[in-house]
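Student: For reference, the structure I am asking about is given below.
The values are calculated or read from the model by the stated rules, or taken from the named source; none is laboratory data. Note that the coordinates shown come from a computational prediction; the quantities given were computed from them, not determined experimentally. Here Cβ is always computed from backbone atoms with ideal geometry, including for glycine, and neighbour counts include all displayed protein chains. Note: areas computed on protein heavy atoms with side chains; ligands, DNA, RNA excluded. Shrake-Rupley method; radii C 1.70, N 1.55, O 1.52, S 1.80 Å.
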Amino acid sequence: MAGVSLDSIAPDSNESARLKQLYERYWNDLCRHIRATFGAGPPDPQDVAQSAFARYLSIDDQQAVENPRAFLYTTARNIALDITRHRKHANRHSLSVSQDEGAHTIDEFSPERIALAQERAAALSTVIESLPKRQRQALLLNRLHDLSYSEIAERIGSSKSDVRRQIVRALETIEAALEAYE
């Protein structure tokens, strides 16, 4: 994937020119950074960079992003980490399924699995309850009530970027706690 034309995405010529400038300025460096950090793939560095730019384009008020470069790099890092985690999880699942192929039936709801799921849910609940109030509130409004960052910002009297920051921090805390649990 050599690149994508941003002209067709942003109808406003000023916005289009600004996005094109960001794309031309950061695309190659962002791809190199992803490749240096995560390797040649998977995830494919160009796919990750493309997804980071797509997320930037999906922001309602791009002018509110104080540092587009930092946003793109952080977003690309998070996307690559998500893909890597997903692949590890899928590989673990495939391995466990292949090991169970000799069994005629797989008891999906064995007492051991139920107990482990309950323990994991309790651990998750404890972590969520221990989050700072603003992080917990933003996370729950976003994930349970499906509110956008703008709606959450309006509801709690904060900025969209602060809401995004609070949710990212909450997810990082939860992820670290669940990794430590497992």
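Student: Please work out which one of (1) open to solvent by 60 Å² or more (accessible area, probe 1.4 Å); (2) modelled with pLDDT under 90 is the condition GLU151 fails and give its number.
Tutor: Looking at each condition in turn, GLU151 falls short on (2).
Student: Could you please find all residues in the range 76-125 being β-branched (Val, Ile, Thr), at pLDDT below 75 and open to solvent by 60 Å² or more (accessible area, probe 1.4 Å)?
Tutor: Listed by number, the residues that qualify are THR105, ILE106.
Student: Out of the residues in the range 1-59 that are acidic (Asp, Glu) and over 22 Å from the mean Cα position of the chain (by Cα), state the one that is modelled with the lowest pLDDT.
Tutor: ASP7
Student: Starting from the range 164-182, take each residue that is touching a residue at least 60 places away in the same chain (Cβ under 8 Å) and list its partners that are surrounded by 16 or more Cβ atoms within 10 Å (Cβ to Cβ) and not basic (Lys, Arg), counting only C-beta distances under 6 angstrom and pairs at least six apart or across chains.
Tutor: Final answer for the pair search is TYR181/ALA123.
Student: Check ALA70, ALA40, ALA54, ALA64 and return the single one that is farther than 25 Å from ASN14 by Cα and either open to solvent by 30 Å² or more (accessible area, probe 1.4 Å) or in contact with a Pro (Cβ under 7 Å, 6 or more places away or on another chain) (or both).
Tutor: ALA40
Student: Going by the conditions given, is ILE156 modelled with pLDDT of 85 or more, farther than 21 Å from LEU178 by Cβ and over 19 Å from the mean Cα position of the chain (by Cα)?
Tutor: Criteria met by ILE156.
Student: What number of residues within the range 127-139 satisfy the criterion of being in contact with a helix residue (DSSP H, G or I) (Cβ under 9 Å, 6 or more places away or on another chain), open to solvent by 30 Å² or more (accessible area, probe 1.4 Å) and at pLDDT 90 or above?
Tutor: 6
Student: Condition test on ARG18, is it open to solvent by 80 Å² or more (accessible area, probe 1.4 Å) and assigned to a helix (DSSP H, G or I)?
Tutor: Judged against the criteria, ARG18 is not a match.
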